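A.B. asks: Take a look at this one; I'll ask things after.
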Amino acid sequence: MPSRADSDQKLQTGKNFELFAQKVLVIVGKGGTGRTTVARILAEVATKAGKRTTVIAGASGTFYVNREDSLLTFASLEPGDVLIDYLDEHGLGQLGKRLSSSGLASIISTAIPGIADLLVLAKIKQMERSETADLIIFDAPASGHFLKLISTPKGLAEIAAAGPLQKQSKEVLEMLTDPARLGVAFVTAAEDTPVKESIETMEKLRQEAGISPKALFVNALLPQMREIGGVAGSEIRKNSSAISRAAQYTSQRASAQRKREAMAERAFGLAPIEIPLVPKVELDDDDIKNLAEIVEPQIQVAR
Amino acid sequence: MSLNVLESSKVIVCLGTGGVGKTTAAAALGYMAAKAGRHVCVVTIDPAKRLADAMGIAEIANTPKKIQTSSELDLWAVMLDPNSTFDELVQKFATSEKQVEKIFHNSIYQNLTENLSGTQEYMAMEKLHELASDPRFDLLVVDTPPARNAIDFLNAPNRLIGFLENRFFRLLISPSQSVFRPVTFATRMLLRTISKVVSAQVVSDAVEFFQAFEGMEAGFKARASEVQNLLSQDSTSFVLVTGTHKDTVDEAIYFASKLDEFKLQVNLIISNRITPYFGDDFDTEQVLYPAGFRENLEYLTKLRSAELVQLSRLSVIASGDSHIVVPLLPHDIGSLSEIQEIGEVLVNSRSTYDNSVSP
């Protein structure tokens, strides 16, 4: 991989920024932008720092299964399953199977939108309260249903009004809005649509739920090839060799990426944590270790 | 125009996971078909803002709008509004104005489109059904919602019907049934438990919902089988859109297997955003390149070959000449001319993955 031309390490500007200062870290991002990659990198950084880490993920859980040890644990929380469990535990157990297959769960989740997500967050809150982990990384589902829940003023309140769930939602809301307990890290690719959508989600979270983003990860960045610009690069630009054309291509894409990155940086008010593009279609554990070394100096981790 | 699906289809359904450029592909296919003289409407759902602006459909609307193009193509687009599409369906099948009112006011109904998975997919199919008989168009290109899984899309109509026919609840609450089958003690206990665990409101909303829909399932059912019928016509083509990453390729293969279960087949695969080919003359000894330049070419070449290995896995679901690979352009797609650019690639450089597209 070519060295990045601007590898100057930016630190987050927030007061006493430390990514793992709070126990729960929610990783948010549009599908395909590298949310799972970031979760894997952070699990690597955190366990290296000696933190007992629990990763909560859905389908991407397969990445952790063989890596579980005394420091790293993995839990799968699928909203649908959590809702059925909840119904089972609360007196519908004997009928549970029959009810869920006949659609009670789907009726309830349609009648109370977000109930399943609320229950997932309630489980996370339980884990946070127990002393089994120092850090909980939540690789949140792409649809971000729970974001909708917490970023609309009526979302949680409506569920709270439903009575028996009132206590649950009150406690979840307390956790969500306490930066000392929970932080939200955004992941985006440096492209137009993902950046704009991330900004939109971030602003909604800020305005409606009073939650400020803790960190901004910008994924899959290309090296900038600065030499190609200006007078010095004119010879290279004229040259039609594969090397030259590849350099011009990378340069053009990289500068488009930096524009998007700057746009995200301004809107978030956070120095982006940069992750370079790895020339692979799927990252293995060694790739993650390498990326962890690039990410580690960009975040502050207390030992 | 050398792309079969654009010539022979009346309906093109684009399928794929989110973020692979499905909407762009749908718009580009529509554009090229219109250029060849067809009367096209692109049906899209939740497009990225730039793309919606480019197509002139920034506002959600349930009626097609003509896209302003320099060469006066007969190209239209509509951004699907699942809620009002569902409302129209209810109005069509309801037996009285009172029934319509009751349904519209029910909170489960109000949450249905957004929260019952498969409902948006179903509404996209419903819109397709409606436009299929619109004399203004002879080709509809449908951009489906980013599916969580293939079953959501193909099963969508059945899923909604399954929900409406929820037998367990219907037996409990349907007044016509309860005459013959009085609410038992056990049933009352169950309702009480549900009230306690979730809320009494849910139980009463659900009872009201199923009562309000009473008698409409037949209409929905007939409609669903018409939609299913439209999908299985020879003139309906399925286009799978993928990226180059392993997960999007996995998803495409899974999608194809699901289509197969429904006796439908993939007519075309579009793989978006492959790293372009630059050549492999690494040894250009005359020129002294700055540090990193040679590595950059090696890096892009390596990335491209890893992507090609992934894409070659798609040969199990489509032959080479029905698989088009679109290179990643160095700029974002967001204007009509860029949609056209992609369209030209689709139509002209159609070939297998060893096409060498230079930037």
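The values are calculated or read from the model by the stated rules, or taken from the named source; none is laboratory data. Only a predicted model underlies this, so the values are computations on that prediction, with no experimental measurement involved. Cβ coordinates were reconstructed from backbone atoms using ideal geometry, including for glycine residues, and neighbour counts include every protein chain displayed. Just so you know, the surface numbers come from the protein's heavy atoms only, side chains and all, with ligands and any DNA or RNA stripped out. Shrake-Rupley method; radii C 1.70, N 1.55, O 1.52, S 1.80 Å.
A.B. asks: Output wanted: per-residue J couplings in Hz (rounded whole) for the stretch A:207-213, from phi through Karplus 6.51 cos²θ - 1.76 cosθ + 1.60, θ = phi - 60°, x for Gly and Pro.
C.D. replies: For the stretch A:207-213, the Karplus curve yields 6, 7, 10, x, 9, 9, x Hz.
A.B. asks: How far apart, in nm, are the 7 Å Cα→Cβ label points at B:GLU101 and B:SER337?
C.D. replies: 5.6
A.B. asks: Quick one: which residues, 5+ away or cross-chain, put their amide H under 5 Å from the amide H of B:VAL13? H built at 1.01 Å from N.
C.D. replies: For B:VAL13, the qualifying residues are B:VAL142, B:SER237, B:PHE238, B:VAL239.
A.B. asks: Here is a further query. Using modelled backbone amide H atoms (1.01 Å from N, in-plane), which distant-in-sequence or interchain residues come within less than 5 Å of A:THR73's amide H?
C.D. replies: Close amide H contacts, sequence-distant or interchain: A:THR53, A:THR54, A:VAL55.
A.B. asks: In whole percent, and with a 1.4 Å probe on the protein chains, what portion of the accessible area of the stretch A:155-276 is carbon and sulfur? Don't jump to the answer; show the numbers that get you there.
C.D. replies: Working: 2500 of 4910 Å².
For the stretch A:155-276, the apolar C and S fraction of the accessible surface comes to 51 percent.
A.B. asks: For the stretch B:91-148, what is the convex hull volume of the alpha-carbon atoms per residue, in Å³?
C.D. replies: On the way: hull volume 5.5 nm³, N = 58.
With only Cα atoms used, the stretch B:91-148 gives 95 Å³ per residue.
A.B. asks: Rounded, prolate or oblate for the stretch B:14-66? Axes are the square roots of the Cα gyration tensor eigenvalues, ordered a ≥ b ≥ c, and the cut-off for rounded is a/c under 1.5.
C.D. replies: oblate
A.B. asks: In Å², nearest 100, what accessible area do chains B and A bury in total when the solvent probe is 1.4 Å? Before the final figure, lay out the partial values.
C.D. replies: Details: alone 17630 and 15220 Å², together 28030 Å².
Adding both sides of the contact gives about 4800 Å².
A.B. asks: Residue by residue, what Karplus-based ³J(HN,Hα) values in Hz, rounded to whole numbers, does the stretch B:233-238 have, using 6.51, -1.76 and 1.60 with θ = phi - 60° and x for Gly and Pro?
C.D. replies: These are the phi-based 3J(HN,Hα) values: 5, 5, 7, 9, 10, 10 Hz.
A.B. asks: What's the center-to-center distance, using Cα atoms, between the stretch A:280-295 and the stretch B:243-275 in Å?
C.D. replies: Cα centres, the stretch A:280-295 to the stretch B:243-275: 27 Å.
A.B. asks: Which shape class, rounded, prolate or oblate, goes with the stretch A:187-232 when its Cα gyration tensor gives a ≥ b ≥ c as root eigenvalues, a/c under 1.5 marks rounded, and past that a/b bigger than b/c marks prolate? Walk me through the numbers on the way to the answer.
C.D. replies: Working: a/c = 3.42, a/b = 3.18, b/c = 1.08.
The shape class here is prolate.
A.B. asks: Over all distinct Cα pairs, what is the inverse of the mean 1/r for the stretch B:187-235, reported as the Kirkwood hydrodynamic radius in Å? Write down the numbers at each step before the final one.
C.D. replies: Values: mean 1/r = 0.0742 Å⁻¹.
Taking the inverse mean of 1/r over all distinct Cα pairs, the stretch B:187-235 comes out at 13.5 Å.
A.B. asks: Still on this structure, please answer the following. Return the sequence-ordered ³J(HN,Hα) values of the stretch B:259-268 in whole Hz as given by the Karplus equation 6.51 cos²θ - 1.76 cosθ + 1.60 applied to θ = phi - 60°, using x for Gly and Pro.
C.D. replies: 4, 4, 4, 8, 6, 10, 10, 7, 9, 7
A.B. asks: Run the quick spin-label model on B:GLU88 and B:VAL309: label points 7 Å from Cα toward the beta carbon, then report their separation in nm to one decimal.
C.D. replies: So the two model labels end up 4.9 nm from each other.
A.B. asks: Still on this structure, I have one more. On the Cα set of the stretch B:1-149, report Rg and Dmax in Å, please.
C.D. replies: Expressed in Å, the Cα Rg and Dmax of the stretch B:1-149 come to 16.2, 53.
A.B. asks: Mind listing the long-range amide H neighbours of A:GLN300? Cut-off is under 5 Å, sequence gap 5 or more, other chains count too, H placed in the peptide plane at 1.01 Å from N.
C.D. replies: Excluding prolines and chain starts, which carry no amide H, the hits are A:LEU19.
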